[in-house]
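Visitor: After the structure tokens below, expect a handful of questions from me.
Values quoted throughout were computed directly from the atomic coordinates according to the rules given, and no laboratory measurement underlies them. Keep in mind it's a predicted model, so treat the numbers as computed, not measured. Using ideal geometry, Cβ is built from the backbone for each residue, glycine included, and neighbour counts are taken over all protein chains shown.
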Amino acid sequence: MIGSPIVVSPDVAAFHREALVIDLHNDVLTKLSHVSYDFTRRHGHAAFWNPARLDLDLPRIREGGIDALGCLLFAGFRVNAAGRFWRQLDRARALCAAHAGDLALTDTTAGLRAARAAGRVSLFLGVEGSYVVDQDSDANLDRLSAAGVRFLGPLWERDSACGTSCRSRNDRGLSTVGRDLVGACNQRGISLDVAHASRKTFWDIAATSERAVFSSHSGADAVTPHARNLDDAQIREIARRGGIVGVIFVSSYLGGAFAALARVADHIEHVACIGGEDCVALGSDFDGFMPLARGMRDAADLPRLTQLLWDRGWKPSALRKLLGENALRFFDENWLAR
């Protein structure tokens, strides 16, 4: 993938570097738990997309100015699902222990703020898909909560015992198992992630949850019609409840295989227009085994997005909200104290 020639000015680079930057969704733990990578070495930009390469490593996280990363424990495996799921948690712990001067496994906003003040990057944990959790959910949720997991999305690209995926041809919504899961997550301070949920499942989760829901990585359906994207009514509901929408960087959800970085900006602007500037956040899906928008080669290129929005006339206050302040506000309001 060859990046478009977006030049980041010194003023925008300085602004981006000083801003709090939080990315809600990546799948780096899936890659790191299956393939041996040196996370401290800077891996070069790939000329062409390669699903096995890393979008994230410490040097490029630093270049991208990222302060905190939502790292997902992916549950959608079909072979040895439980073993591979829990291996990702072990990998997160080992990674932060091995690089304690650079990384912090964070489950509180106070910890996130302290890590940033110390120059460390926070990793906070979420779950993508309830497929492993569905069996003995109370025990598994207790284990996840004790490990510091702060959010859970019941769906991925196929139905779970909890409900219907956005890919399903028969939208049955949230099941009884799913309603119980939502209540159990509310009790434990685990936020509900509606990414990948069908339309009916989304509305059932929103109606059942006592706490604000959010999407860790979605686009805007009004900009690019797609089963994975949120329509305007969904965006308004998330915003009304105080939730946030992390806008995804994956090209296929933004306008097609050759969608450029400007399309990410288009989706961000639409979410901000419909939900307000307090609703929009970053949800890259780095290392998600899918091509990023042209011009976003990996995490190091994140300042290019800031430059694009700066050039479109975004005020610094709104940019700071997008880059990280909205996410931190959501965490402050929804992460129960440990």
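Visitor: Between segment 300-338 and segment 177-250, how far is it from one alpha carbon centroid to the other, in angstrom?
Guide: Their Cα centres are 19 Å away from one another.
Visitor: Now for a separate question. What's the ranking of 130-143, 238-251 by average number of surrounding C-beta atoms within 10 Å, highest first?
Guide: Taking the mean over residues of other Cβ atoms within 10 Å, the ranking is 238-251, 130-143.
Visitor: Once you've got the GNM for the chain with C-alpha springs shorter than 10 Å, pick whichever of Lys200, Lys315, Lys31 has the biggest mean-square fluctuation.
Guide: Looking only at Lys200, Lys315, Lys31, the largest GNM fluctuation is found for Lys315.
Visitor: Out of all DSSP beta bridges in segment 10-334, what portion is antiparallel? Express it as a percent rounded to 5.
Guide: Taking every DSSP beta bridge within segment 10-334, about 10 percent pair in antiparallel fashion.
Visitor: For a quick check: sort Val149, Val127, Val79 by the number of other beta carbons within 10 angstrom, fewest at the front.
Guide: Going from least to most buried by this count: Val79, Val149, Val127.
Visitor: If you don't mind, another one. Going from the alpha-carbon gyration tensor of the chain, what semi-axes, largest first and in whole Å, does one get by taking the root of 5 times each eigenvalue?
Guide: So the equivalent ellipsoid measures 27, 23, 19 Å along its semi-axes.
Visitor: Place a point 7 Å from the Cα of Phe258 along the Cα-to-Cβ direction; which residues of segment 282-312 have their backbone N under 13 Å from it?
Guide: Correct set: 294.
Visitor: Among Thr201, Thr176, Thr224, which one moves the most in a GNM of the chain with springs linking Cα atoms closer than 10 Å?
Guide: Residue with maximal mean-square fluctuation among Thr201, Thr176, Thr224: Thr176.
Visitor: Based on DSSP H runs of at least 4 residues, each adding -39500 (n - 2.57), what is the mean residue ellipticity at 222 nm of the chain after dividing by all its residues, to the nearest 500 deg cm²/dmol?
Guide: -11000 deg cm²/dmol
Visitor: Here's a follow-up. Could you tell me how far the Cα centroid of segment 48-103 sits from the Cα centroid of segment 123-149, in Å?
Guide: Taking the Cα centre of each part, segment 123-149 and segment 48-103 sit 17 Å apart.
Visitor: Taking only Cα atoms and a 10 Å spring cutoff, compute GNM fluctuations for the chain and point out the largest among Gly173, Gly255, Gly101.
Guide: Looking only at Gly173, Gly255, Gly101, the largest GNM fluctuation is found for Gly101.
Visitor: Still on this structure, please answer the following. Got the relative contact order for segment 10-334 handy, in percent, Cα pairs under 8 Å and 6 or more residues apart?
Guide: It rounds to 20 percent for segment 10-334.
Visitor: What order do you get for Phe331, Phe151 when you list them from fewest to most C-beta neighbours inside 10 Å?
Guide: Ascending number of Cβ neighbours within 10 Å: Phe331, Phe151.
Visitor: Shifting gears a bit: Of the DSSP beta bridges with both residues in segment 164-297, give the percent that are antiparallel, rounding to the nearest 5.
Guide: Here the antiparallel bridges make up roughly 20 percent for segment 164-297.
Visitor: Please arrange Arg304, Arg84 by how many other C-beta atoms lie within 10 Å of their C-beta, fewest to most.
Guide: Least to most surrounded, the residues fall as Arg84, Arg304.
Visitor: If I take every Cα pair under 8 Å that is 6 or more residues apart in segment 58-213, average their sequence separation and divide by the length, what percent do I get for the relative contact order?
Guide: 18
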